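Below is one structure, written out as structure tokens, with a few remarks after it.
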Amino acid sequence: MPIPPTGLAPDAVLTALRSFKGLDLDWQAGRVFAYVYQPDDAAAAVVKDAYLLYLTENCLDPTTFPSVGKLEHDVVAMVAHLLQGDDQVAGNVTSGGTESILLAVKTARDYAQAQRPHITQPEMVLSRTAHAAFHKAAHYLGVKPVVVGFDPVTFQADVDAMAAAITPNTILLVASAPCYSQGVVDPVPAIAALAQERGLLCHVDACVGGIHLSFLRKLGRAVGAFDFSVPGVTSLSVDMHKYGYAAKGASVILYRDSSLRRFQIFSSTDTTAYTIINPTALSSRSGGPLAGAWAILNYLGEDGYKEIVETVQAATERLIAGVEGIDGLRVLGQPAMSMFSFASDTINVYQLADAMRRRNWYLQPQFSTPTSPRNLHISMTYGVAHNVDALLADLAACVDEVRAEPPLDTDFIAAAAAALAEDPSPDAIAGLMGAVGLQPGELPQEMALINELLDALPDAVANEILIDFFNAL
Ligand SMILES: Cc1ncc(COP(=O)(O)O)c(C=O)c1O
């Protein structure tokens, strides 16, 4: 596609952009229970103004833009204080949870390289419930992920299995507070104590929980200890762009002290160009997300966050009770905050997700494991909290609808998945993709058969297929 030979008028540009949004699910209608974390209109406007105020400033160089350095310092200090860190805690604002986790794993790898240089293949131990960002970090950084099981009832990481998985090459233990999939907080004190006992680092992924759980604790709710109050926790990731209600592009990575954070920082005077000194993965980056994060922390203050957390938590509890009350649905594990998942022994939840999508609701399909069923995820946030009753009414109606639908041909899928696992040739893959309604270069509408297939395939095969599919988009 060539660039237009002559430029369009501003109105035409913006009208076109607005029209593209018609392709998307309308999150503003409050029916998307994932991906979007929206505060009220007034708070959103403050974030937007702050973002635009710093749109052009570059976080690359705080000597040129000292105000950007101040904003980062303030955001890190406020989040560290909330997470019960002392003055020794050091950290940075990153572009998101994935970058914070990448940096935590890089720091652990390079710290180990300095302390235990004999390790040639570093390993990190994590529960299967930990976020895929750790697998990505492992993949990018040459660290081996050693994945262990979880308690099939509580969905908490199995600490004994983690202990058994530690080898002389282990550098890092991972805990989630909570895991995204089921919203369950791992036994962080036990995992951190294990790390301390074995001389290992311990990262707590509080990307979704750091803010919400901390304010639940401040509101007097029983919250399992997960932050710097736990001895042995050496780093934490906390996303401002989730339950911090900042604009996307803002997370915080925190270390117990700067001697550890030092391993995160990269510097280069090795080229003909300017000095590069990057604490985070990105170099040039807009000051917008950082300013948005600073703005929301200061605009809401503790009282504002407490109000939001109370509203969201009450809505979650009502929703969980309502889901449990629908015949055939059951909530998995013991969700600690405002995200949870539910499964069904009587209907296909992938068909249920499609039925809800036809009514413009988005519930997120998740996969089964050998010890847990396929399920649908719900993240409750402030912007959708008013829609609990409407969601429950449609959910109950869709459960009935799916019961009346012809079941998916799961035998065909299971047989096809088994054949594909044996022979993942491009032809076999193309044939099967067509059979489940996936055409190269096209985004699918109905997902049930596709999810069914992905769930049935071994992960390695499913991942290759997904990479090829995206590569063709
Ligand atoms: C627990 C957890 N960790 C990490 C991430 C990755 O965060 P991001 O999507 O901001 O990169 C997520 C995303 O949902 C998450 O839920």
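Could you please give the count of residues in region 446-456 that are over 23 Å from the mean Cα position of the chain (by Cα) and either farther than 15 Å from Tyr362 by Cα or without any contact (Cβ under 8 Å) to a residue 24 or more places away in the chain (or both)?
At the first step, the residues of region 446-456 found to be over 23 Å from the mean Cα position of the chain (by Cα) are 446, 449, 453, 456.
The next check asks that each one be either farther than 15 Å from Tyr362 by Cα or without any contact (Cβ under 8 Å) to a residue 24 or more places away in the chain (or both); those that pass are 449, 453, 456.
Within region 446-456, residues that are over 23 Å from the mean Cα position of the chain (by Cα) and either farther than 15 Å from Tyr362 by Cα or without any contact (Cβ under 8 Å) to a residue 24 or more places away in the chain (or both) number 3.
Taken across region 66-75, residues that are touching a Phe, Trp or Tyr at 6+ places or on another chain (Cβ under 8 Å), of a type outside the set (Lys, Arg) and under 28 Å from Ala225 (Cβ atoms) do occur, with at least one present.
From the set of residues in region 93-134 that are assigned to a helix (DSSP H, G or I) and of a type in the set (Val, Ile, Thr), which is farthest from the ligand (Cβ to nearest atom)?
Looking at the filtered set, the residue picked out is Thr107.
Given the condition without any contact (Cβ under 8 Å) to a residue 24 or more places away in the chain and out of contact with any Asp or Glu (no Cβ under 9 Å at 6 or more places or on another chain), answer yes or no: does some residue in region 50-59 qualify? So far as region 50-59 goes, no, none of its residues is without any contact (Cβ under 8 Å) to a residue 24 or more places away in the chain and out of contact with any Asp or Glu (no Cβ under 9 Å at 6 or more places or on another chain).
Put simply, of Val204, Val223, Val185 the only residue that is under 27 Å from Ala343 (Cβ atoms), free of Cβ contacts under 8 Å to residues at least 40 places away in the same chain and either buried (at least 24 other Cβ atoms within 10 Å of the Cβ) or more than 11 Å from the ligand (Cβ to nearest atom) (or both) is Val204.
Among the residues of region 434-446, those that are of a type outside the set (S, T, N, Q) and surrounded by fewer than 19 Cβ atoms within 10 Å (Cβ to Cβ) comprise Gly434, Ala435, Gly437, Pro440, Gly441, Glu442, Leu443, Pro444, Glu446.
Taking into account only those residues within region 381-398 that are part of a helix (DSSP H, G or I) and β-branched (Val, Ile, Thr), which is surrounded by the fewest Cβ atoms within 10 Å (Cβ to Cβ)? Spell out how you get there, then give the answer.
Filtering region 381-398 for residues part of a helix (DSSP H, G or I) gives 382-398.
Now restrict to residues that are β-branched (Val, Ile, Thr): 384, 388.
On the way: Val384: 27, Val388: 19.
Going through the qualifying residues, I end up with Val388.
Can you pull out the residues in region 247-270 that are crowded, with 24+ Cβ neighbours inside 10 Å, away from the ligand (no atom under 11 Å from the Cβ) and of a type in the set (A, V, I, L, M, F, W, C)? Answer for region 247-270, where residues must be crowded, with 24+ Cβ neighbours inside 10 Å, away from the ligand (no atom under 11 Å from the Cβ) and of a type in the set (A, V, I, L, M, F, W, C): Val252, Ile253, Leu254.
Pick from region 222-258 the residues that are part of a loop (DSSP other than H, G, I, E, B) and in contact with a Gly (Cβ under 6 Å, 6 or more places away or on another chain): which of them is farthest from Leu71 (Cα to Cα)?
Restricting attention to region 222-258, the residues satisfying the condition of being part of a loop (DSSP other than H, G, I, E, B) are 222-234, 240-250, 256-257.
Next cut, in contact with a Gly (Cβ under 6 Å, 6 or more places away or on another chain) only: 228, 246-247.
Working: Phe228: 22, Ala246: 14, Ala247: 15 Å.
It comes out as Phe228.
Only residues that are free of Cβ contacts under 8 Å to residues at least 24 places away in the same chain and of a type in the set (Gly, Ala, Ser) were counted across region 269-313, and they come to 2.
Of all residues in region 70-92, those being in a helix (DSSP H, G or I) and in contact with a Ser or Thr (Cβ under 8 Å, 6 or more places away or on another chain) number 1.
Phe342 falls short on exactly one of the conditions (1) surrounded by fewer than 17 Cβ atoms within 10 Å (Cβ to Cβ); (2) part of a strand (DSSP E or B), and that condition is (1). When region 1-31 is filtered for residues that are closer than 29 Å to Ile378 by Cβ and surrounded by 10 or more Cβ atoms within 10 Å (Cβ to Cβ), the ones remaining, listed by number, are Lys21, Leu25, Asp26, Trp27, Gln28, Ala29, Gly30, Arg31.
Being more than 16 Å from the ligand (Cβ to nearest atom), free of Cβ contacts under 8 Å to residues at least 60 places away in the same chain and of a type in the set (Gly, Ala, Ser): is that true of Ala90 here? The answer is no for Ala90.
From the residues in region 226-246 that are β-branched (Val, Ile, Thr) and farther than 18 Å from Glu302 by Cα, which one is nearest to the ligand (Cβ to nearest atom)? Steps first, please.
Going residue by residue through region 226-246, those that are β-branched (Val, Ile, Thr) are 230, 233-234, 238.
Now drop any that are not farther than 18 Å from Glu302 by Cα, which leaves 230, 233-234.
Values: Val230: 17, Val233: 15, Thr234: 17 Å.
Per the criteria, the residue is Val233.
For region 193-219, the tally of residues that are in a helix (DSSP H, G or I) and of a type in the set (Lys, Arg) stands at 2. Within region 421-444, the set of residues being in contact (Cβ under 8 Å) with a residue 40 or more places away in the chain and not in a helix (DSSP H, G or I) comprises Pro424 only.
This table checks each residue for (1) touching a Ser or Thr at 6+ places or on another chain (Cβ under 7 Å); (2) under 28 Å from Arg221 (Cα atoms); (3) among the aromatic types (Phe, Trp, Tyr); (4) not in a helix (DSSP H, G or I).
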{"residue": "Trp294", "(1), (2), (3), (4)": "no, yes, yes, no"}
{"residue": "Gly301", "(1), (2), (3), (4)": "no, yes, no, no"}
{"residue": "Thr311", "(1), (2), (3), (4)": "no, yes, no, no"}
{"residue": "Thr316", "(1), (2), (3), (4)": "yes, yes, no, no"}
{"residue": "Ile326", "(1), (2), (3), (4)": "no, yes, no, yes"}
{"residue": "Gly333", "(1), (2), (3), (4)": "yes, yes, no, yes"}
{"residue": "Ala353", "(1), (2), (3), (4)": "no, no, no, no"}
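Looking across region 135-152, the residues that are in contact with a helix residue (DSSP H, G or I) (Cβ under 6 Å, 6 or more places away or on another chain) and away from the ligand (no atom under 15 Å from the Cβ) come down to Leu141, Val143, Val146, Val148, Gly149.
Here, each number is a calculation from the coordinates, and none is a lab measurement. All values reported here derive from a predicted model rather than from experimental measurement. Quick reminder, even Gly has a Cβ in these numbers, built from the backbone with ideal geometry, and neighbours come from all protein chains shown.
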